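*Asks:* Just passing along the structure, written as structure tokens.
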Amino acid sequence: MRELAGKVAVVTGGGSGIGRGMALAFAEAGMHVAIGDIDRQAAQDVLREIERHGVRALALQLDVTDRDAVYAFAERIFAEFGAVHLLCNNAGVVTFDPMDKIKDEDWRWVCAVNLDGVVHGLQAFLPRMKAQPGEKHVVNTASIAGVAPHTEIAPYVASKYAVVGISETLYAERDQHGIGSSVLCPGNVRTKIVSSGRNRQDALGGPDGREHPDVQRQIEAGMDPLEVGRIVRQAVLDDELYIFTHSDTRRITEERFQRILAAFDRCDERSRSTSAK
Ligand SMILES: NC(=O)c1ccc[n+]([C@@H]2O[C@H](COP(=O)([O-])OP(=O)(O)OC[C@H]3O[C@@H](n4cnc5c(N)ncnc54)[C@H](O)[C@@H]3O)[C@@H](O)[C@H]2O)c1
């Protein structure tokens with residue numbers, strides 16, 4: 001997108017952390033902003049911060065795992081603003097356990113929010129965005145854990161790899177839809193992600209107050225979410241597919257790709273030795 005002022009942005013999980021950071025960065029640039037969050041009070045608090053930028057704002061309670069609720073959310077936003085130019089599917093949660101200890105309900109909850117939430121956002125918004133004239137863009141929040149594996153968060157890694165794949169596919173289809181696509185892959189950002197169980201729905205296991213002091217310390221030393229929001233804003237203007245925020249996450253990404261390329265080298269070697277026989 002070349003112009004943001006006066007356009008409409010939607011951010012799920014906008015009541016905290018990176019979602020709040022993006023919402024405020026977009027409002028700084030003169031965008032009108034609608035946010036949805038399962039935590040009604042948090043969304044209301046961010047609404048007031050957005051309004052301070054003199055733009056139109058809307059905050060709605062939303063559970064992204066509920067497909068009908070996401071459709072109603074989209075309906076309300078199109079009714080209020082008439083258009084959506086920038087959709088950010090950002091709501092996300094995490095659990096921490098080694099592979100053999102992960103409960104079924106943890107797999108279901110993390111995938112329901114992080115993956116189904118993105119799918120529901122695309123289903124509810126894309127057809128109307130496609131039909132609308134002018135520039136449009138989608139930002140899906142994945143993670144550096146969506147491009148390189150991390151231990152003890154397998155459901156999170158699975159859901160974020162899926163979000164990267166969906167975003168890459170949307171990017172490949174951009175000429176069909178006329179909609180740009182970015183995938184946000186941050187390293188540690190100073191948010192409430194470690195305590196995501198605070199907003200866990202009863203139907204998906206109920207609130208979880210388990211603490212993870214080691215990860216919490218790393219997250220507290222992380223990047224300011226508003227800085228992440230401003231990086232995303234610039235990437236949307238520059239039409240970038242991959243948005244990385246932390247240079248130090250390059251190494252683990254390179255290691256993964258080197259392992260993949262080494263496997264192709266072995267594959268080539270096998271093909272050569274078979275054809276030589
Ligand atoms: N913080 C990090 O270090 C980091 C790194 C990489 C990726 N991310 C991703 O950034 C995104 C935002 O997380 P954050 O770090 O800002 O955490 P956060 O907990 O501060 O914010 C997440 C927001 O999503 C909301 N939410 C949770 N479940 C929801 C649901 N079912 N429906 C709607 N809203 C829901 C929460 O209420 C909260 O306001 C997530 O997708 C996360 O995976 C975070």
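*Asks:* Could you size up the charge dipole of segment 8-245 around its Cα centre, putting +1 on the beta carbon of Lys and Arg and -1 on that of Asp and Glu, and report it in debye to the nearest 20?
*Replies:* 380 debye
*Asks:* Using the Kirkwood radius over C-alpha pairs as Rh, can you work out the diffusion coefficient of the chain via Stokes-Einstein at 20 °C, viscosity 1.002 mPa s, in µm² per second?
*Replies:* Value of D from the Cα-based Kirkwood radius: 111 µm²/s.
*Asks:* What full-extension length gain, to one decimal in nm, is calculated for ARG2 and LEU241 as 0.36 nm per residue of separation minus the Cα-Cα distance?
*Replies:* Result: 84.5 nm gained on full extension.
*Asks:* Name the residue from VAL189, GLN234, VAL215 whose Cα lies farthest towards the positive end of the charge dipole of the chain, charges +1 on Cβ of Lys and Arg and -1 on Cβ of Asp and Glu.
*Replies:* Positive-end residue among those listed: GLN234.
*Asks:* Can you give me the Cα centroid spacing of segment 40-57 and segment 108-132 in angstrom?
*Replies:* Cα centres, segment 40-57 to segment 108-132: 23 Å.
*Asks:* Also, quick follow-up: So, in Å, what gap is there between the alpha-carbon centers of segment 163-207 and segment 260-277?
*Replies:* Cα centroid to Cα centroid, the span is 37 Å.
*Asks:* Which of HIS177, VAL139, TYR156 sits farthest toward the positive end of the charge dipole of the chain, with +1 on the Cβ of Lys and Arg and -1 on the Cβ of Asp and Glu?
*Replies:* Going by the Cα projections, it comes out as HIS177.
*Asks:* I'd like to check one number: the per residue accessible area of segment 8-245, probe 1.4 Å, reported in Å² as a whole number.
*Replies:* Value for segment 8-245: 41 Å² per residue.
*Asks:* Could you tell me whether segment 32-76 comes out rounded, prolate or oblate from its Cα gyration tensor? Rule is a ≥ b ≥ c as square roots of the eigenvalues, rounded for a/c under 1.5, then prolate if a/b exceeds b/c, otherwise oblate.
*Replies:* Oblate shape, in that a/c is at least 1.5 and b/c is the bigger or equal ratio.
*Asks:* Given points 7 Å out from each Cα along the Cα-Cβ axis, report the GLU80 to ASP104 separation in nanometres with one decimal.
*Replies:* About 3.9 nm, to one decimal.
*Asks:* Pop the C-beta distance of GLN201 and GLN44 into the FRET formula with R0 = 22 Å and round what comes out to the nearest 0.05.
*Replies:* Efficiency, rounded to the nearest 0.05: 0.70.
*Asks:* Put a dot 7 Å past each Cα toward the Cβ at GLU255 and VAL215; how far apart are the dots in nm?
*Replies:* 1.8 nm
*Asks:* Okay, next question. Relative contact order of the chain, please, whole-number percent, based on alpha carbon pairs below 8 angstrom and at least 6 residues apart.
*Replies:* The normalised contact order for the chain reaches 20 percent.
*Asks:* Would you mind working out the magnitude of the charge dipole of segment 64-137 relative to its Cα centre, with +1 at each Lys and Arg C-beta and -1 at each Asp and Glu C-beta, to the nearest 20 Debye?
*Replies:* 320 debye
*Asks:* Then there's this: Within the set LYS130/LYS160; LYS7/LYS160; LYS160/LYS192, which residue pairs have Cα atoms separated by over 20 Å?
*Replies:* LYS130/LYS160; LYS7/LYS160
*Asks:* How far, in degrees from 0 to 90, does helix 250-276 lean away from the longest principal axis of the Cα atoms of the chain, to the nearest 10?
*Replies:* Long axis of 250-276 versus the principal axis of the chain: about 40 degrees.
*Asks:* Just name one of ALA74, GLN61, PRO98: the one whose Cα is farthest towards the positive end of the charge dipole of segment 49-115 (beta-carbon charges, Lys/Arg +1, Asp/Glu -1).
*Replies:* Going by the charge dipole, the pick is ALA74.
*Asks:* Let me ask something else about it. Could you check how much of the accessible area of the chain is carbon and sulfur, as a whole percent, using a 1.4 Å probe?
*Replies:* Ligands and nucleic acids excluded, carbon and sulfur reach 50 percent.
The values are calculated or read from the model by the stated rules, or taken from the named source; none is laboratory data. Fair warning: this is a prediction, and the values are worked out from it, not measured in the lab. FYI the Cβ positions are ideal-geometry reconstructions off the backbone, even for glycines, and counts take in every protein chain you see. Surface areas here come from the heavy atoms of the whole protein model, side chains and all, with no ligands, DNA or RNA. Shrake-Rupley method; radii C 1.70, N 1.55, O 1.52, S 1.80 Å.
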